[in-house]
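In what follows, a single structure is set out as structure tokens and then discussed.
The values are calculated or read from the model by the stated rules, or taken from the named source; none is laboratory data. Values in this document were obtained by computation on a predicted structure and should not be read as measured data. Neighbour counts run over all protein chains shown; Cβ positions are idealised from the backbone, glycine included. Surface accessibility is based on the protein's heavy atoms, side chains included, excluding ligands, DNA and RNA. Shrake-Rupley method; radii C 1.70, N 1.55, O 1.52, S 1.80 Å.
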Amino acid sequence: MSTPFQTIDAANRNFEQLFNSGKIDELAGLYTTEGRLFPSNKNKYEGRENIKQFWQGARDVGVDNLRLTTGTVIEGGHDRLIETSSYQHSLDHGNYQVIWKRSGADKNDWQLDIDIFN
């Protein structure tokens, strides 16, 4: 059984791979259906379709080579993990925090529920 850190670090590698290969539909599927994204542009994007549009827009303006460095992951109850980490890509770098929600029939899948970065 993996630790919370290992679980989220593996999820981050998947996020990077999907973003960097332009698979934005699949990337949006990593979020819960009611997922929320709060980027540094002060807007809020709710739901997979809006989140997909945000990430596609980022690709369209030249964001590429996304790298996520998993920092800390703490348990926030039986169905939440809280990640505080950093990112770097072709145009910027910064920090982020994600609240991951346990989902799926076997309750062993994790999805981004709230994603905040600066």
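I need the phi-derived Karplus couplings for region 45-54: 6.51 cos²θ - 1.76 cosθ + 1.60, θ = phi - 60°, integer Hz, Gly and Pro marked x.
10, 10, x, 4, 5, 5, 5, 4, 4, 4
Give a residue-ordered list of calculated ³J(HN,Hα) values for region 70-80 (Karplus: 6.51 cos²θ - 1.76 cosθ + 1.60, θ = phi - 60°; whole Hz; x for Gly, Pro).
5, x, 10, 9, 10, 7, x, x, 6, 10, 9
Report, in deg cm²/dmol and to the nearest 500, the calculated mean residue ellipticity at 222 nm for the chain, where each DSSP H run with n ≥ 4 adds -39500 (n - 2.57) and the sum is divided by the residue count.
One gets -9500 deg cm²/dmol as the mean residue ellipticity at 222 nm.
Taking the dipole about the Cα centre of the chain, with the C-beta of Lys and Arg at +1 and of Asp and Glu at -1, give me whichever of Ser40, Gln111, Leu30 is farthest to the positive side.
Farthest along the dipole direction, towards plus: Ser40.
Between His78 and Val63, with labels modelled 7 Å along Cα→Cβ, what's the label distance in nm to one decimal, could you check?
Distance between the two pseudo-spin positions: 3.5 nm.
Send over a whole-number figure in Å² for the accessible area per residue of the chain, probe 1.4 Å. Write out the running numbers ahead of the final one.
On the way: 6630 Å² over 118 residues.
With the other protein chains kept in place, the chain gives 56 Å² per residue.
Kirkwood hydrodynamic radius of region 28-72 from all distinct Cα pairs, in Å?
After inverting the mean inverse Cα-Cα distance, the result is 11.6 Å.
So I have (i) 6.8; (ii) 19.5; (iii) 19.9, and one of them is mean projected area of the Cα convex hull in nm² calculated from this model. Which one is it?
Given (i) 6.8; (ii) 19.5; (iii) 19.9, the structure-derived one carries the label (i).
Give the carbon-plus-sulfur fraction of the accessible surface of the chain in %, rounded to a whole number; probe 1.4 Å, heavy atoms of protein chains only. Write down the numbers at each step before the final one.
Numbers: 3280 of 6630 Å².
Answer for the chain: carbon and sulfur cover 49 percent of the accessible area.
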